[in-house]
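Contents: one structure, followed by commentary.
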Amino acid sequence: MTGYELPEEPEALRAVLSEKLQSGAKRMNAHDVHISILKDEVIALKEANKMQDERLARIEKNTATLVEIFRAGDGTLKTARWFGKLLIWIGSLSSALYALWYAIVNWPHRGG
């Protein structure tokens, strides 16, 4: 008997069809078990994904604070650099003025 040939006798036909139905039912039951296992795994994955999302949200919140601190530190460094350049100019001018004043005040005492 090949794939689609059915026997002529009713009892043999009934036996073949019953066997096919039972094998189909067994396969469907196996698929149902497999699908229920997959559904359980999907639920577990969704739960794990939810926990992972919560962890990522906490990490993002913590790193946002750190990023703000570094950005504030960057602004502070820019201000400190500007202030340092200002101090260099003021220091240079004040030392030049002091040298000029010292030269004027002490010039006659050098034997001039």
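Each residue in region 1-49 was checked for being among the small types (Gly, Ala, Ser) and outside any helix (DSSP H, G or I), and 1 of them qualify. One residue alone among Glu41, Glu68 is among the charged types (D, E, K, R), within 48 Å of the chain's Cα centre (by Cα) and modelled with pLDDT of 90 or more, and that residue is Glu41.
The values are calculated or read from the model by the stated rules, or taken from the named source; none is laboratory data. All figures in this text were calculated on a predicted structure; none of them were measured in a lab.
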